[in-house]
Amino acid sequence: MTNSEPDSPGRTAVEVERLTVRLDGTLIVDGVDLDVAEGEWVTVIGPNGAGKSTALRAIGGLLPFGGTVRWHGRAVADMHRRERARAVATVLQSPVVPPGVRVFDYVLLGRTPYIPPLGRESAADLEAADEALAALDLVPFAGRRLDTLSGGERQRVFLARALAQGAGILLLDEPTSALDIGHQQEVLELVDRLRSSRGLTVLATMHDLSTAGEYADRMVLLSGGRVVAAGTPSEVLTEENLAEHYRVKVRIIPGDHGPLVVAVRT
Ligand code: ADP
Ligand code: MG
């Protein structure tokens with residue numbers, strides 16, 4: 001593919017082919033193929049240590065990898081750092097936060113790829129940060145120190161920073177793992193609304209299977225660094241798949257937005 005290829009409706013936002021990642025010589029991600037259409041929400045599930053976070057970081061261009069990752073048809077390897085940051089925003093599970101940083105200044109860091117080296121942020125950058133704060137109901141927190149916020153509030157700030165970045169593709173590593181179910185739902189509903197209103201593409205990893213299935217258009221089950229199942233939530237969240245890869249007996253209950261998964265004692 002070339003850089004000049006025009007974008008067309010229904011096109012692929014993220015294409016991953018034969019992705020491999022080695023960490024300290026160990027093969028952690030082993031030949032993963034996946035794709036996410038523009039505007040789609042795909043969630044990667046899999047047992048602890050399956051390689052979800054590692055794969056997501058590689059897809060976000062944050063780790064060296066083998067194989068091919070393309071965003072909107074362009075190979076990540078061919079893109080410069082700033083170009084990358086304008087295309088894809090990644091929210092890691094425990095982002096490193098500068099000590100004492102205020103919420104507004106943290107969100108403004110999302111504008112770094114637009115600010116010239118040694119330059120200052122423009123009025124447009126400040127506006128983008130304000131707008132992201134407003135979109136996530138964080139305006140009252142703008143002047144607060146980030147480290148004084150609750151887990152749910154902080155998670156919204158991480159999303160606000162990603163939103164301020166203005167990227168069309170959002171990569172989220174377990175965006176709700178630190179939250180109670182009420183705040184989990186609130187954050188995921190927010191992401192889904194932003195996806196609709198801004199046409200964002202979402203690739204996430206998630207822990208809670210029922211919740212993952214309720215929000216994803218498609219799911220990818222990763223085990224031992226390989227894709228072992230992929231498809232709609234009903235195709236992936238089956239008793240057989242979960243027994244084989246999580247070693248758990250589950251009951252699948254049909255839900256309004258996807259199958260609900262309940263672990264049962266054997
Ligand atoms: P998941 O997000 O699915 O729980 P991770 O991608 O975090 O899995 O980790 C996948 C595997 O990679 C784990 O077994 C983990 O121990 C291993 N791993 C992570 N970092 C390193 C490293 N630096 N060297 C070797 N193995 C690592
Ligand atoms: Mg992980």
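The values are calculated or read from the model by the stated rules, or taken from the named source; none is laboratory data. These numbers come from a predicted model, not from an experiment. Note that each Cβ is placed from the backbone with ideal geometry, even for glycine, and that neighbours are counted across all protein chains shown. What goes into the accessible areas is simple: the full protein's heavy atoms, side chains included, and nothing from ligands, DNA or RNA. Shrake-Rupley method; radii C 1.70, N 1.55, O 1.52, S 1.80 Å.
Could you tell me whether S234 is within 16 Å of the chain's Cα centre (by Cα) and either loosely packed, with under 15 Cβ neighbours inside 10 Å or within 23 Å of D137 (Cβ to Cβ) (or both)? First the steps, then the outcome.
Values: within 16 Å of the chain's Cα centre (by Cα): no; either loosely packed, with under 15 Cβ neighbours inside 10 Å or within 23 Å of D137 (Cβ to Cβ) (or both): yes.
Judged against the criteria, S234 is not a match.
Per-residue answers, yes or no, for (1) within 14 Å of ligand 2 (Cβ to nearest atom); (2) under 26 Å from G49 (Cβ atoms); (3) assigned to a helix (DSSP H, G or I); (4) open to solvent by 10 Å² or more (accessible area, probe 1.4 Å):
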position: E189; (1), (2), (3), (4): no, no, yes, yes
position: D192; (1), (2), (3), (4): no, no, yes, yes
position: R195; (1), (2), (3), (4): no, no, yes, yes
position: A204; (1), (2), (3), (4): yes, yes, no, no
position: S210; (1), (2), (3), (4): no, yes, yes, yes
position: G213; (1), (2), (3), (4): no, yes, yes, no
position: L222; (1), (2), (3), (4): yes, yes, no, no
position: V228; (1), (2), (3), (4): no, yes, no, yes
position: E240; (1), (2), (3), (4): no, yes, yes, yes
- Filter result (open to solvent by 70 Å² or more (accessible area, probe 1.4 Å) and under 13 Å from G166 (Cα atoms)) within the stretch 115-130: E127, D130
- Query: If R193 satisfies every condition in (1) in contact with a strand residue (DSSP E or B) (Cβ under 9 Å, 6 or more places away or on another chain); (2) free of Cβ contacts under 8 Å to residues at least 12 places away in the same chain but one, which is the exception?
  - Reply: (1)
- Message: Looking at D180, D137, D173, can you tell me which residue is of a type outside the set (F, W, Y) and at pLDDT 95 or above?
- Response: D173
- Item | Residues satisfying the stated conditions in the stretch 17-47, i.e. more than 13 Å from ligand 2 (Cβ to nearest atom), in contact (Cβ under 8 Å) with a residue 40 or more places away in the chain and under 15 Å from the mean Cα position of the chain (by Cα) | L34, V36, A37, E38, G39, E40, W41, V42
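Quick check on G143: is it part of a helix (DSSP H, G or I) and either closer than 17 Å to V187 by Cβ or more than 19 Å from the chain's Cα centre (by Cα) (or both)?
Values: part of a helix (DSSP H, G or I): no; either closer than 17 Å to V187 by Cβ or more than 19 Å from the chain's Cα centre (by Cα) (or both): yes.
Here the answer is no, as G143 does not meet what is asked.
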- Task: Identify the single condition in (1) more than 18 Å from the chain's Cα centre (by Cα); (2) within 16 Å of ligand 1 (Cβ to nearest atom); (3) more than 23 Å from T12 (Cα to Cα) that A50 does not satisfy, given that it satisfies every other one.
- Result: (1)
- How many residues does the stretch 48-73 contain that are within 16 Å of ligand 2 (Cβ to nearest atom) and among the basic types (K, R)? 2
